[in-house]
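The values are calculated or read from the model by the stated rules, or taken from the named source; none is laboratory data. All figures in this text were calculated on a predicted structure; none of them were measured in a lab. Please note: Cβ atoms are built from the backbone with ideal geometry, for glycine as well, and neighbour counts cover all protein chains shown. To get the accessible areas, we keep the full protein, side chains included, count just its heavy atoms, and leave off ligands, DNA and RNA. Shrake-Rupley method; radii C 1.70, N 1.55, O 1.52, S 1.80 Å.
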Amino acid sequence: MRRTGMRVVPVECLADNYAYLVISAHGEAAIVDASEAAPVRDALRREGARARAIWSTHHHWDHVGANEELARTLSLDQIVGHVSDRGRLPGQTHGVDTGDRVSIDDVVAECMHIPGHTLGAVAYFVELSGERAVFTGDTLFCGGCGRLFEGSPAQMHASLGRLLALPDDTRVYCGHEYTMGNLRFAAHVEPSNADVSRAMHDAAQLRGTGKPAVGTPLAQERRTNPFLRADSREIRATLGIPADADDVTAFAAIRAAKDAFRA
(Lines give C-alpha, C1' and ligand atoms only; values in the text may rest on other atoms or scores of the structure.)
Protein backbone atom coordinates (compact mmCIF):
# COMPACT_ATOMS: atom_id res chain seq x y z
CA MET A 1 0.00 0.00 0.00
CA ARG A 2 1.35 3.41 -1.00
CA ARG A 3 2.04 5.73 1.91
CA THR A 4 0.90 9.33 1.69
CA GLY A 5 1.46 12.46 3.71
CA MET A 6 4.25 14.93 4.27
CA ARG A 7 6.33 16.46 7.01
CA VAL A 8 7.50 20.05 7.23
CA VAL A 9 10.73 20.48 9.18
CA PRO A 10 11.93 24.03 9.99
CA VAL A 11 15.72 24.35 9.90
CA GLU A 12 17.30 27.27 11.77
CA CYS A 13 19.91 29.04 9.66
CA LEU A 14 22.07 32.15 10.01
CA ALA A 15 20.87 34.53 12.74
CA ASP A 16 17.09 34.18 12.42
CA ASN A 17 16.34 32.53 9.07
CA TYR A 18 14.42 29.36 8.41
CA ALA A 19 15.02 26.87 5.65
CA TYR A 20 12.46 24.08 5.43
CA LEU A 21 12.50 20.45 4.48
CA VAL A 22 9.26 19.30 2.86
CA ILE A 23 9.49 15.54 3.20
CA SER A 24 7.27 12.98 1.50
CA ALA A 25 6.13 9.76 3.15
CA HIS A 26 8.95 7.99 1.33
CA GLY A 27 11.68 10.32 2.57
CA GLU A 28 12.06 12.43 -0.57
CA ALA A 29 12.60 16.11 0.29
CA ALA A 30 12.48 19.56 -1.20
CA ILE A 31 14.58 22.24 0.50
CA VAL A 32 12.77 25.57 0.70
CA ASP A 33 15.15 28.55 0.91
CA ALA A 34 18.60 27.06 1.24
CA SER A 35 20.04 29.74 3.49
CA GLU A 36 23.01 27.85 4.90
CA ALA A 37 24.40 24.47 3.87
CA ALA A 38 25.55 22.81 7.10
CA PRO A 39 22.27 23.07 9.06
CA VAL A 40 20.33 21.79 6.05
CA ARG A 41 22.64 18.81 5.58
CA ASP A 42 22.46 18.06 9.31
CA ALA A 43 18.65 18.17 9.21
CA LEU A 44 18.52 15.83 6.20
CA ARG A 45 20.70 13.30 8.04
CA ARG A 46 18.66 13.65 11.23
CA GLU A 47 15.37 13.15 9.38
CA GLY A 48 16.66 10.36 7.18
CA ALA A 49 15.58 12.30 4.09
CA ARG A 50 16.99 12.54 0.56
CA ALA A 51 16.96 16.00 -0.99
CA ARG A 52 15.78 16.18 -4.59
CA ALA A 53 15.28 19.91 -5.24
CA ILE A 54 15.57 23.43 -3.88
CA TRP A 55 12.55 25.72 -4.02
CA SER A 56 13.65 29.34 -3.58
CA THR A 57 11.13 32.03 -2.61
CA HIS A 58 13.26 34.99 -3.75
CA HIS A 59 16.80 35.96 -4.67
CA HIS A 60 18.05 37.56 -1.43
CA TRP A 61 21.35 36.03 -0.32
CA ASP A 62 20.07 34.94 3.08
CA HIS A 63 17.60 32.63 1.32
CA VAL A 64 19.75 31.29 -1.52
CA GLY A 65 23.32 31.46 -0.19
CA ALA A 66 23.68 27.68 -0.06
CA ASN A 67 21.97 26.86 -3.37
CA GLU A 68 25.07 26.02 -5.33
CA GLU A 69 26.92 24.24 -2.52
CA LEU A 70 23.94 22.02 -1.74
CA ALA A 71 23.28 21.34 -5.42
CA ARG A 72 26.89 20.20 -5.76
CA THR A 73 27.21 18.16 -2.56
CA LEU A 74 23.74 16.57 -2.77
CA SER A 75 23.74 16.08 -6.57
CA LEU A 76 20.63 18.20 -7.11
CA ASP A 77 19.63 19.21 -10.62
CA GLN A 78 16.54 21.26 -9.78
CA ILE A 79 16.73 24.75 -8.27
CA VAL A 80 13.41 26.51 -8.68
CA GLY A 81 12.62 30.23 -8.56
CA HIS A 82 10.47 32.80 -10.30
CA VAL A 83 11.07 33.22 -14.02
CA SER A 84 12.07 36.87 -13.48
CA ASP A 85 14.86 35.91 -11.07
CA ARG A 86 17.06 34.25 -13.69
CA GLY A 87 20.51 35.76 -13.32
CA ARG A 88 19.83 36.80 -9.74
CA LEU A 89 19.12 33.44 -8.13
CA PRO A 90 22.24 31.26 -7.79
CA GLY A 91 22.12 27.97 -9.66
CA GLN A 92 18.55 28.41 -10.87
CA THR A 93 17.52 25.66 -13.30
CA HIS A 94 13.74 26.08 -13.44
CA GLY A 95 11.68 29.26 -13.73
CA VAL A 96 8.09 29.18 -12.50
CA ASP A 97 5.13 31.54 -12.39
CA THR A 98 1.63 31.54 -10.94
CA GLY A 99 -0.18 28.28 -11.67
CA ASP A 100 2.93 26.24 -12.33
CA ARG A 101 3.57 23.15 -10.21
CA VAL A 102 6.71 21.53 -8.87
CA SER A 103 6.82 18.17 -7.15
CA ILE A 104 8.85 15.78 -5.05
CA ASP A 105 7.43 12.24 -4.96
CA ASP A 106 3.70 12.78 -4.26
CA VAL A 107 4.22 16.24 -2.72
CA VAL A 108 3.03 18.78 -5.30
CA ALA A 109 3.47 22.51 -4.77
CA GLU A 110 1.45 25.14 -6.60
CA CYS A 111 3.53 28.23 -7.35
CA MET A 112 2.19 31.73 -6.71
CA HIS A 113 3.94 34.90 -7.87
CA ILE A 114 3.74 37.32 -4.93
CA PRO A 115 5.76 40.48 -5.72
CA GLY A 116 6.23 43.18 -3.13
CA HIS A 117 9.23 42.35 -0.97
CA THR A 118 11.03 41.58 -4.24
CA LEU A 119 9.64 41.59 -7.75
CA GLY A 120 10.38 37.89 -8.20
CA ALA A 121 8.97 36.59 -4.92
CA VAL A 122 7.12 33.28 -5.20
CA ALA A 123 5.18 31.18 -2.69
CA TYR A 124 4.77 27.40 -2.74
CA PHE A 125 1.39 26.02 -1.64
CA VAL A 126 1.26 22.33 -0.78
CA GLU A 127 -1.86 20.28 -0.08
CA LEU A 128 -1.63 16.58 0.70
CA SER A 129 -3.74 14.13 2.74
CA GLY A 130 -5.66 16.93 4.45
CA GLU A 131 -2.56 18.96 5.32
CA ARG A 132 -1.97 22.38 3.80
CA ALA A 133 1.12 24.55 3.98
CA VAL A 134 2.37 27.65 2.22
CA PHE A 135 5.99 28.77 2.10
CA THR A 136 5.98 32.54 1.84
CA GLY A 137 9.60 33.63 2.20
CA ASP A 138 9.70 37.27 3.26
CA THR A 139 6.31 38.27 1.83
CA LEU A 140 3.94 37.09 4.58
CA PHE A 141 5.43 36.60 8.03
CA CYS A 142 3.66 35.16 11.04
CA GLY A 143 2.19 38.35 12.45
CA GLY A 144 3.71 40.61 9.80
CA CYS A 145 4.95 41.11 6.25
CA GLY A 146 8.24 41.93 4.58
CA ARG A 147 9.67 45.33 3.77
CA LEU A 148 9.08 46.68 0.29
CA PHE A 149 12.56 46.52 -1.19
CA GLU A 150 11.50 46.29 -4.83
CA GLY A 151 7.71 46.32 -5.08
CA SER A 152 5.01 48.87 -4.37
CA PRO A 153 2.39 48.93 -1.60
CA ALA A 154 -0.24 48.04 -4.20
CA GLN A 155 1.76 45.00 -5.34
CA MET A 156 2.35 43.78 -1.79
CA HIS A 157 -1.28 44.32 -0.80
CA ALA A 158 -2.43 42.35 -3.84
CA SER A 159 0.07 39.55 -3.12
CA LEU A 160 -1.13 39.26 0.48
CA GLY A 161 -4.67 39.10 -0.88
CA ARG A 162 -3.71 36.15 -3.08
CA LEU A 163 -2.29 34.35 -0.06
CA LEU A 164 -5.43 35.17 1.93
CA ALA A 165 -7.48 33.32 -0.69
CA LEU A 166 -5.93 30.03 0.47
CA PRO A 167 -7.90 27.83 2.89
CA ASP A 168 -8.03 28.95 6.53
CA ASP A 169 -6.22 25.86 7.81
CA THR A 170 -3.18 26.48 5.60
CA ARG A 171 -0.11 26.79 7.81
CA VAL A 172 2.20 29.73 7.10
CA TYR A 173 5.91 28.91 6.96
CA CYS A 174 7.87 32.11 6.50
CA GLY A 175 11.53 33.01 6.07
CA HIS A 176 12.42 34.45 9.48
CA GLU A 177 11.69 34.10 13.18
CA TYR A 178 10.18 37.57 13.56
CA THR A 179 6.96 36.41 15.19
CA MET A 180 7.30 37.98 18.65
CA GLY A 181 8.46 41.33 17.29
CA ASN A 182 5.66 41.34 14.73
CA LEU A 183 3.05 40.60 17.40
CA ARG A 184 4.37 43.37 19.64
CA PHE A 185 3.69 45.78 16.80
CA ALA A 186 0.25 44.20 16.26
CA ALA A 187 -0.56 44.78 19.96
CA HIS A 188 0.62 48.38 19.66
CA VAL A 189 -1.66 49.23 16.74
CA GLU A 190 -4.67 47.13 17.83
CA PRO A 191 -4.44 46.90 21.63
CA SER A 192 -7.99 45.62 22.18
CA ASN A 193 -7.48 42.59 19.89
CA ALA A 194 -7.62 39.61 22.26
CA ASP A 195 -6.48 37.26 19.49
CA VAL A 196 -3.18 39.14 19.33
CA SER A 197 -2.69 38.70 23.08
CA ARG A 198 -3.33 34.97 22.80
CA ALA A 199 -0.97 34.67 19.84
CA MET A 200 1.76 36.49 21.79
CA HIS A 201 1.30 34.13 24.73
CA ASP A 202 1.49 31.06 22.50
CA ALA A 203 4.52 32.36 20.57
CA ALA A 204 6.35 33.22 23.80
CA GLN A 205 5.76 29.71 25.13
CA LEU A 206 7.11 28.16 21.95
CA ARG A 207 10.18 30.37 21.85
CA GLY A 208 10.74 29.81 25.56
CA THR A 209 11.16 26.09 24.91
CA GLY A 210 13.33 26.63 21.84
CA LYS A 211 10.63 25.80 19.32
CA PRO A 212 9.81 27.80 16.18
CA ALA A 213 6.85 30.18 16.37
CA VAL A 214 6.00 29.67 12.71
CA GLY A 215 3.46 27.44 10.99
CA THR A 216 0.47 29.43 12.22
CA PRO A 217 -2.87 28.77 10.49
CA LEU A 218 -3.93 31.39 7.97
CA ALA A 219 -7.15 31.82 9.99
CA GLN A 220 -5.05 33.10 12.90
CA GLU A 221 -3.18 35.47 10.61
CA ARG A 222 -6.50 36.94 9.48
CA ARG A 223 -7.33 37.74 13.11
CA THR A 224 -3.94 38.98 14.27
CA ASN A 225 -1.74 40.22 11.42
CA PRO A 226 -2.12 44.01 11.02
CA PHE A 227 -1.03 43.85 7.38
CA LEU A 228 -4.04 41.67 6.64
CA ARG A 229 -6.32 43.97 8.64
CA ALA A 230 -6.02 47.30 6.82
CA ASP A 231 -9.77 47.83 7.28
CA SER A 232 -9.53 47.65 11.10
CA ARG A 233 -11.03 50.78 12.61
CA GLU A 234 -8.80 50.51 15.66
CA ILE A 235 -5.60 50.22 13.62
CA ARG A 236 -6.63 53.21 11.53
CA ALA A 237 -7.43 55.23 14.62
CA THR A 238 -4.13 54.34 16.30
CA LEU A 239 -2.10 55.35 13.26
CA GLY A 240 -4.23 58.33 12.20
CA ILE A 241 -5.31 56.73 8.93
CA PRO A 242 -8.53 58.31 7.63
CA ALA A 243 -11.54 56.03 7.92
CA ASP A 244 -12.34 56.58 4.23
CA ALA A 245 -8.81 55.83 2.98
CA ASP A 246 -8.62 52.88 0.59
CA ASP A 247 -7.00 49.68 1.82
CA VAL A 248 -3.78 50.15 -0.17
CA THR A 249 -3.27 53.59 1.37
CA ALA A 250 -3.95 52.14 4.81
CA PHE A 251 -1.59 49.23 4.16
CA ALA A 252 1.19 51.63 3.13
CA ALA A 253 0.69 53.62 6.34
CA ILE A 254 0.83 50.43 8.45
CA ARG A 255 4.03 49.37 6.68
CA ALA A 256 5.60 52.79 7.29
CA ALA A 257 4.62 52.62 10.96
CA LYS A 258 6.17 49.18 11.31
CA ASP A 259 9.39 50.39 9.63
CA ALA A 260 9.67 53.07 12.34
CA PHE A 261 8.45 50.92 15.25
CA ARG A 262 10.78 50.15 18.15
CA ALA A 263 9.38 47.69 20.66
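Within the group L164, L119, L89, which residue is hydrophobic (A, V, I, L, M, F, W, C) and under 24 Å from A245 (Cβ atoms)?
On the way: L119 fails: under 24 Å from A245 (Cβ atoms); L89 fails: under 24 Å from A245 (Cβ atoms).
Within the list L164, L119, L89, the selection yields L164.
Give the stretch 100-112 a look and list any residue that's open to solvent by less than 40 Å² (accessible area, probe 1.4 Å) and not hydrophobic (A, V, I, L, M, F, W, C), or say none. Show your work before the answer.
Initial filter on the stretch 100-112 (open to solvent by less than 40 Å² (accessible area, probe 1.4 Å)): 102, 104, 106-107, 109, 111-112.
Listed by number, the list holds a single entry, D106.
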Name the residue that is least open to solvent (accessible area, probe 1.4 Å), counting only residues in the stretch 160-185 that are charged (D, E, K, R) and within 22 Å of S56 (Cα to Cα). E177
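Test of understanding: among T73, T4, which residue is surrounded by fewer than 16 Cβ atoms within 10 Å (Cβ to Cβ) and modelled with pLDDT under 95?
Of T73, T4, the one residue that is surrounded by fewer than 16 Cβ atoms within 10 Å (Cβ to Cβ) and modelled with pLDDT under 95 is T4.
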Can you name every one of the strands (runs of 3 or more DSSP E) wholly within the stretch 18-82 that holds 3 or more residues which are touching a helix residue (DSSP H, G or I) at 6+ places or on another chain (Cβ under 8 Å) and farther than 22 Å from T179 by Cβ? 50-55
How do the pairs read when you match residues in the stretch 80-100 that are under 17 Å from A53 (Cα atoms) with residues anywhere that are among the charged types (D, E, K, R) and crowded, with 16+ Cβ neighbours inside 10 Å, using Cβ under 6 Å and keeping only pairs 6 or more apart or on different chains? P90/E68; G91/E68
Restrict the check to the stretch 240-260 and report whether at least one residue is open to solvent by 10 Å² or more (accessible area, probe 1.4 Å), in contact (Cβ under 8 Å) with a residue 12 or more places away in the chain, aliphatic (A, V, I, L, M) and touching a Lys or Arg at 6+ places or on another chain (Cβ under 9 Å). yes
Wholly inside the stretch 111-179, strands (runs of 3 or more DSSP E) that include 2 or more residues that are of a type in the set (A, V, I, L, M, F, W, C) and within 20 Å of M200 (Cα to Cα) are 171-174
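What are the residues in the stretch 208-219 that are more than 12 Å from F141 (Cα to Cα) and under 18 Å from the mean Cα position of the chain (by Cα), if any?
K211, P212, A219
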Flagged pairs (Cβ under 9 angstrom, 6 or more apart or on separate chains; first in the stretch 190-211, part of a helix (DSSP H, G or I); second charged (D, E, K, R) and open to solvent by 80 Å² or more (accessible area, probe 1.4 Å)) are D195/R223; V196/R223; A199/R223; M200/R184; Q205/K211
Residues that are closer than 19 Å to H82 by Cβ, open to solvent by 10 Å² or more (accessible area, probe 1.4 Å) and touching a Lys or Arg at 6+ places or on another chain (Cβ under 8 Å), drawn from the stretch 118-137: F125
Output for the stretch 186-228, where each listed residue is open to solvent by 20 Å² or more (accessible area, probe 1.4 Å), under 17 Å from P167 (Cα atoms) and of a type in the set (D, E, K, R): R222, R223
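Name the one entry in E28, E36 that is open to solvent by 10 Å² or more (accessible area, probe 1.4 Å), in contact with a Lys or Arg (Cβ under 9 Å, 6 or more places away or on another chain), among the acidic types (D, E) and at pLDDT 95 or above.
On the way: E36 fails: in contact with a Lys or Arg (Cβ under 9 Å, 6 or more places away or on another chain).
Of E28, E36, the one residue that is open to solvent by 10 Å² or more (accessible area, probe 1.4 Å), in contact with a Lys or Arg (Cβ under 9 Å, 6 or more places away or on another chain), among the acidic types (D, E) and at pLDDT 95 or above is E28.
Tally the residues that are of a type in the set (K, R) and either within 27 Å of G144 (Cβ to Cβ) or not in a strand (DSSP E or B) (or both), restricting the search to the stretch 83-110. Give the steps one after another, and end with the answer.
Step one: list which residues in the stretch 83-110 are of a type in the set (K, R), which gives 86, 88, 101.
From the residues that got through so far, the ones that are either within 27 Å of G144 (Cβ to Cβ) or not in a strand (DSSP E or B) (or both) too are 86, 88.
The total comes to 2.
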Could you please tell me which pairs satisfy a Cβ distance under 6 Å, a separation of 6+ or placement on different chains, a first residue in the stretch 110-135 that is closer than 20 Å to V22 by Cα and hydroxyl-bearing (S, T, Y), and a second residue that is at pLDDT below 95 and assigned to a loop (DSSP other than H, G, I, E, B)? S129/T4; S129/G5
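Right, V80: surrounded by fewer than 19 Cβ atoms within 10 Å (Cβ to Cβ) and β-branched (V, I, T) or not?
Working: surrounded by fewer than 19 Cβ atoms within 10 Å (Cβ to Cβ): no; β-branched (V, I, T): yes.
Answer is no for this residue.
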Any idea which of A194, A203 is more than 29 Å from V22 (Cβ to Cβ) and not polar (S, T, N, Q)? A194
